[in-house]
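The values are calculated or read from the model by the stated rules, or taken from the named source; none is laboratory data. None of the values given here were measured: they were computed from a predicted structure. Backbone-built Cβ (ideal geometry, glycine too); neighbour counts: all protein chains shown.
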Amino acid sequence: MSDDNEEKSPWEFVVSPVKITRFLGWVVFALILAHILVQAYHFHINELPWLLREIFDPDEEPSFATWFSTLILFVSSVLLFLIASNKEKWNYKKHWYGLGAGFAFMSLDEVAGMHETFNTFTDFAWTIPAAVGVVVLIAVYFKFLVALPQPMKSQFIIAGLIFLSGAL
């Protein structure tokens, strides 16, 4: 942060978590509403082409919902890398970089559908190795999580639980 007398950098800006959350909530609401309206029109008024139904279906990979999810994961990755690069004297800088890399990988997986491809090569579900990975991540990131200030610690835990419940 700069003093009032200092000139602010053009790269310095304030982010409102409440406004971002509200905006993202409205986007999710719009995606769900569009899906419901397309399905209602298709089944009750006039049959629509599969492509039109597919791009509004959140359960399909080539859809607006997948694009939105990929974008959110990628932006999260960029922000995590920025946080890591700004943590000069913090002991957990590598953890922030690790989170950035993890979110970049999840963004790539979301758009490339790597977990679907993995399922075609194996007889077991991808959730088994993913569950092992989650246990390893918890072990590696436990001290990092404990060191986070409140309310960030609680927010990380809640976000992680919501994300994992959605992945199942």
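Structure notes:
- Being at pLDDT below 90, in contact with a helix residue (DSSP H, G or I) (Cβ under 9 Å, 6 or more places away or on another chain), over 20 Å from L82 (Cα atoms) and β-branched (V, I, T) is true of V134.
- Residue within the range 146-160 that is under 15 Å from the mean Cα position of the chain (by Cα) and at pLDDT below 90 present: yes
Results for (1) of a type in the set (V, I, T); (2) assigned to a helix (DSSP H, G or I); (3) at pLDDT below 90, shown as yes or no for each residue.
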residue: I20; (1), (2), (3): yes, yes, no
residue: G25; (1), (2), (3): no, yes, no
residue: F43; (1), (2), (3): no, yes, no
residue: E54; (1), (2), (3): no, yes, no
residue: P62; (1), (2), (3): no, no, yes
residue: L71; (1), (2), (3): no, yes, no
residue: L80; (1), (2), (3): no, yes, no
residue: N91; (1), (2), (3): no, no, yes
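- Check on F56, among the aromatic types (F, W, Y), within 22 Å of the chain's Cα centre (by Cα), surrounded by 15 or more Cβ atoms within 10 Å (Cβ to Cβ) and farther than 21 Å from M114 by Cα: yes
- The single residue among L37, L48 that is part of a loop (DSSP other than H, G, I, E, B), without any contact (Cβ under 8 Å) to a residue 24 or more places away in the chain, among the aliphatic types (A, V, I, L, M) and surrounded by fewer than 17 Cβ atoms within 10 Å (Cβ to Cβ) turns out to be L48.
- Residue match in the range 74-87 (condition: touching a residue at least 24 places away in the same chain (Cβ under 8 Å), more than 26 Å from A147 (Cβ to Cβ) and not assigned by the TED database to the domain that holds L33): yes
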